[in-house]
1. Positive end of the charge dipole of the chain (Lys, Arg +1 and Asp, Glu -1 on Cβ, about the Cα centre): tell me which of Ala198, Leu138, Gly17 has its Cα farthest that way.
2. What does the extension gain come out to for Lys36 and Asp89, with contour length at 0.36 nm per residue minus their alpha carbon separation?
3. Report the Stokes-Einstein translational diffusion coefficient (µm² s⁻¹, integer) for the stretch 32-161, Rh taken as the Kirkwood radius over Cα pairs, at 25 °C with viscosity 0.890 mPa s.
4. If you count only protein heavy atoms with a 1.4 Å probe, what accessible area per residue comes out for the stretch 1-108, rounded to a whole Å²?
5. For Tyr211, Tyr226, give the ranking by accessible area with the largest first, probe 1.4 Å.
6. P(r) for the chain: what percent of alpha-carbon pairs falls in each 10 Å bin, starting at zero?
7. Test of understanding: in a Gaussian network model of the chain with alpha carbons linked when under 10 Å, which of Asp171, Asp192, Asp88 would top the mean-square fluctuation ranking?
8. What is the percent carbon and sulfur in the accessible area of the stretch 11-161, measuring with a 1.4 Å probe over the protein chains and ignoring ligands?
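The values are calculated or read from the model by the stated rules, or taken from the named source; none is laboratory data. None of these values were measured; they are calculated from a predicted model. Quick reminder, even Gly has a Cβ in these numbers, built from the backbone with ideal geometry, and neighbours come from all protein chains shown. We work out accessible area using only protein heavy atoms, side chains counted, and drop any ligands, DNA or RNA first. Shrake-Rupley method; radii C 1.70, N 1.55, O 1.52, S 1.80 Å.
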Amino acid sequence: MTAFKTIRARAEKRKGGPKALAKLLPAKPDPKALAKLGDDRILAEMTKRVFCAGFAWSVIESKWPGFEKAFLGFKPGPLSLKPDEFWDDLMKDTRIVRNGAKIMSVRANASFVRDIAREHGSFGKFLANWPSSDEAGLLELLAKRGSRLGGNTGQMMLRFLGWDGFVTSRDVVLCLRDAGLDIAETVTSKRDVAKVQAQFNAWAEETGLAYVQISRICALSIGENYTAEKLESMMGGDD
């Protein structure tokens, strides 16, 4: 496998040097801040990522105040106890995107968040205590116990919540494959996720960088070479 210093050097050259690259890297996530995050904000972010999947993010963002009101501030306890009629009415609610399957995922995920909070004190504490070296295991748990939280949706949820992990975006996967990792162009299998995890663990040990920073450097080292100014304007949770 290619040493990470080679990948970083390529990213620095593409982006105008070490200082220019450093400006494009996210800060190291703070587990203490994540542990303090309310369960309602966890469920809200879950919902936002579920609705953004396969949809224009700008539309979801523009309607988000309506989502907050329609889903009662995303408080897991009250939401998980709402009767069928409440959820039926949401199917006709113009304040939100009326996708039946995604609306019902909120009901399931309210129970999921509530159950995890009962087991660990809060969902934020649960995430804060889960090691970045086992994102594969966390993603598997999200897929099994949550609703519509598998694959990229789960990864993006973790990224936006401030958990330190990788995202298998197109450019990150391209970087991994270019470095010599034998994985598919689209990472979906448990086997490939395990390989990605092992490689990120090795690079984290090699560099001492946060996983989110390694993930971003990977993405910036290959693929379409946007200018630093363009990237700063586009900057979000994705790589």
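1. Towards the positive end, the residue furthest out is Gly17.
2. Values: separation 53, 0.36 × 53 = 19.08 nm, distance 3.27 nm.
So the extension gain works out to 15.8 nm.
3. Working: Rh = 14.8 Å.
In µm²/s, the coefficient rounds to 166.
4. On the way: 5760 Å² over 108 residues.
Averaged over the residues of the stretch 1-108, the accessible area is 53 Å².
5. Working: Tyr211 25, Tyr226 80 Å².
If we order Tyr211, Tyr226 from most to least accessible, we get Tyr226, Tyr211.
6. Calculated over all Cα pairs of the chain, the distribution is 7, 31, 33, 21, 8, 1 percent.
7. In the Gaussian network model the winner is Asp88.
8. Numbers: 3930 of 7240 Å².
Carbon and sulfur: 54 percent of the exposed surface of the stretch 11-161.
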